[in-house]
Amino acid sequence: MLKVAGVDAFYGQIQALKGIDLEVEEGSIVTILGANGAGKSTTMKVISGLLKPKKGKVTFLGKDITGLRPDQLIRKGIALVPEGRAMLAEMTVLENLEMGAYHRKDSEVDKDIAQVMERFSILKERKDQLAGTMSGGQQQMLAIARALLARPKLLLLDEPSMGLAPIIVADIFKMIKEINQSGTTVLLVEQNAKQALKIADYGYVLETGKLTTEANAKDLLEDTSIAEAYLGG
Ligand SMILES: Nc1ncnc2c1ncn2[C@@H]1O[C@H](COP(=O)(O)OP(=O)(O)OP(=O)(O)O)[C@@H](O)[C@H]1O
Ligand SMILES: [Mg+2]
């Protein structure tokens, strides 16, 4: 579904990605693991169109999408939930959900909003609450639900469990698994490596801008060197 080939990306003079090659198969959950500053978010920015790569190619469903803007990519079916959730804090839960569908012209938006609120009942209960006053876990749920309203084929999640209590983290991972089972392909960046590998099919390890390891998620979970570096021993 997605293919990233030979991608280099820079912030000014600083090279953040060095020859990234990765693939995401349709229907799967793929995770990218790596330490702080490794380039995980930069990879997501390149795929979602927030940062143009200096070199290399990004292909989605057989078409070259390199350098397209985020609004063009969302129409093609790629939605990003950025690191830190990026809520529209001064807008209500319902308004945030409506924003997720802003580019859609079909007549099923209201139906999809109703469906998302059935699925995540807290969003229905709190539909008129300002998003910025929700708890961290509720905001993450809203951020993911908002992205789903774009009806993405590929959902990019950048550290969805960051800063959340363990019990909420478990809910978020369960939610990701369910989203995948209902047909959305997922690319997941996580520091919570163990939990990410448990729900993923395939994983990549990123170290200072380069992919150093890739394997089936199950094999990465059992790899002792990965365990020592990323899974807390
Ligand atoms: N806007 C920016 N301007 C300059 N350098 C940046 C910018 N954003 C990121 N970088 C640098 O690019 C490198 C990769 O950053 P990136 O945010 O992709 O890492 P990350 O793997 O997502 O880290 P984290 O786990 O902390 O989120 C880092 O060295 C970082 O300092
Ligand atoms: Mg990051």
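At 1.4 Å probe size, with every protein chain present, just tell me what the per residue accessible area of the chain comes to in Å².
Values: 11080 Å² over 233 residues.
Per residue, the chain has 48 Å² of solvent-accessible surface.
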### Normalised contact order of the chain, rounded percent, pairs of Cα under 8 Å and 6 or more residues apart
27 percent
## Note on the structure
Rounded to whole angstrom, the alpha-carbon centroid of region 87-108 lies from that of region 184-233 at a distance of 33 Å
### Task
Might you work out the accessible area of Glu228 for me, using a 1.4 Å probe with all protein chains in place, and round it to the nearest 10 Å²?
140 Å²
### Task
Quote the accessible area belonging to Asp128 in square angstrom, nearest 10, computed with a 1.4 Å probe and with ligands, DNA and RNA left uncounted.
110 Å²
### Task
Taking H placed 1.01 Å from N in the peptide plane, check which residues at least 5 places from Leu33 or on another chain put their amide H under 5 Å from its amide H.
Tyr204, Val205, Leu206
### Task
Could you list which residues have their amide H under 5 Å from that of Met91, counting only those 5 or more apart in sequence or on another chain, with H placed in the peptide plane?
Ala131, Gly132
### Query
Hey, what do the phi angles of region 171-178 turn into as Karplus ³J(HN,Hα) couplings, whole Hz, using 6.51/-1.76/1.60 and θ = phi - 60°, x for Gly and Pro?
4, 5, 5, 4, 4, 5, 4, 5
### Query
Residue by residue, what Karplus-based ³J(HN,Hα) values in Hz, rounded to whole numbers, does region 187-202 have, using 6.51, -1.76 and 1.60 with θ = phi - 60° and x for Gly and Pro?
10, 10, 9, 8, 8, 7, 4, 4, 5, 5, 5, 5, 9, 8, 8, 9
### Along principal axes, Cα extents of the chain, largest first, whole Å
46, 39, 32
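For region 61-110, which GluC sites (Glu not before Pro) are in a loop by DSSP, counting at most 16 other Cβ atoms within 10 Å?
Numbers: sites: Glu83, Glu90, Glu95, Glu98, Glu108; in loops: Glu83, Glu90, Glu108.
Passing sites in region 61-110 are Glu83, Glu90, Glu108.
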### Task
Rounded to the nearest 0.05, what FRET efficiency do Glu26 and Asn216 give with R0 = 22 Å and r taken as the Cβ-Cβ distance? Could you check?
0.85
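The values are calculated or read from the model by the stated rules, or taken from the named source; none is laboratory data. Computed from a prediction, not measured in an experiment: that's the story for all the values here. Heads up, the Cβs are rebuilt from the backbone with ideal geometry, glycines too, and the neighbour counts pull from every protein chain shown. We work out accessible area using only protein heavy atoms, side chains counted, and drop any ligands, DNA or RNA first. Shrake-Rupley method; radii C 1.70, N 1.55, O 1.52, S 1.80 Å.
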